[in-house]
Amino acid sequence: MNPEKIYNADKWLAYGGFSPLITVFRTFHDLSPEIEQIINEQTFPVAFRKNKFISSPLHRNKFIFLLLKGVARGYMKEEDKEITTWIAKEHELVGNIRNLWDEQQPTEEYVQALEDVEAIAVPHAMSRQLYNNFEIANYVGRKMTQIHYLYACERAYISRLQSAEKRYKRFSQSYPELVNRVPLKYIASFLCMRLETLSRLRSKISAES
């Protein structure tokens, strides 16, 4: 969590000479050399071992992370129960954005690596700098926000389906690459059902196919 800058001057050597975040931004709009310089200077590669926290309420969260490899989940605690709120994979952003503009603002969410994770750390301070000084950055930010809003809408839709079977089938359609990749207990938590219920559903659907 909140990793320190332990890289050397060749931090982007393994990534073609520049931050992978630039590649993501370029899919939405061409970038100026000044924007690319800021991104190259202020973002950096990080790694998190399986089951380690990427961020949590116990620490100031100064970054969001672009996943390059691995899967992560977000969850909240209710007494002794963990409630999975989302699951993300490669090429998605993870982290807490509630404190993007105020790093002292508390959050209730934990972000945990479910596999060994390789990522790019994106400082909140850099995001604020880009938004405040470059119109292009605001355009790119809006396009990325639209994508993540669609993800949030899909999660909300799944959670409101009345039957456990419908929720699981929709999850399988929306996230087919996660069905056999993520531990079932986290999928069950995300789908608001008991692990035993999910196991029975999977067996039933498998027998019918």
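For the ranges 71-81, 187-197, what's the packing order if you count other beta-carbon atoms within 10 Å of each residue, average per peptide, and put the highest first? Don't skip to the answer; put the middle values down first.
Details: 71-81: 14.9, 187-197: 17.7.
In decreasing order of mean packing, 71-81, 187-197 become 187-197, 71-81.
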Amide H of F63 versus every other amide H placed in the peptide plane: which residues, excluding those fewer than 5 positions away on the same chain, fall under 5 Å?
H124
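With the convex hull built on the Cα atoms of region 28-140, state its orientation-averaged projected area in nm².
On the way: hull surface 29.4 nm².
Over all viewing directions, region 28-140 projects a mean Cα-hull area of 7.3 nm².
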I need the phi-derived Karplus couplings for region 37-46: 6.51 cos²θ - 1.76 cosθ + 1.60, θ = phi - 60°, integer Hz, Gly and Pro marked x.
5, 4, 5, 4, 6, 9, 8, 7, x, 9
What the 10 Å binned alpha carbon P(r) of the chain shows, as percent of pairs per bin from 0, is 8, 31, 34, 19, 7, 1
Around F44, which amide H atoms from residues at least 5 apart in sequence, or from another chain, sit under 5 Å from its own amide H, with H modelled in the peptide plane?
A121
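Restricting to Cα pairs below 8 Å that are 6+ residues apart, what does the relative contact order work out to for the chain? Please round to a whole percent. Kindly include the intermediate steps, with their values, before the conclusion.
Details: 295 pairs, mean separation 44.3, N = 209.
Relative contact order of the chain: 21 percent.
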q = 0.10, 0.13, 0.20 Å⁻¹: log10 I(q)/I(0) that the Debye formula gives for region 94-203, counting C-alpha atoms only:
-0.43, -0.68, -1.17
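No value in this document is a laboratory result; all are computed from the given coordinates. Not measured: the values here are computed from a predicted model. Reconstructed Cβ throughout: ideal geometry from the backbone, glycine too, with neighbour counts over all protein chains shown.
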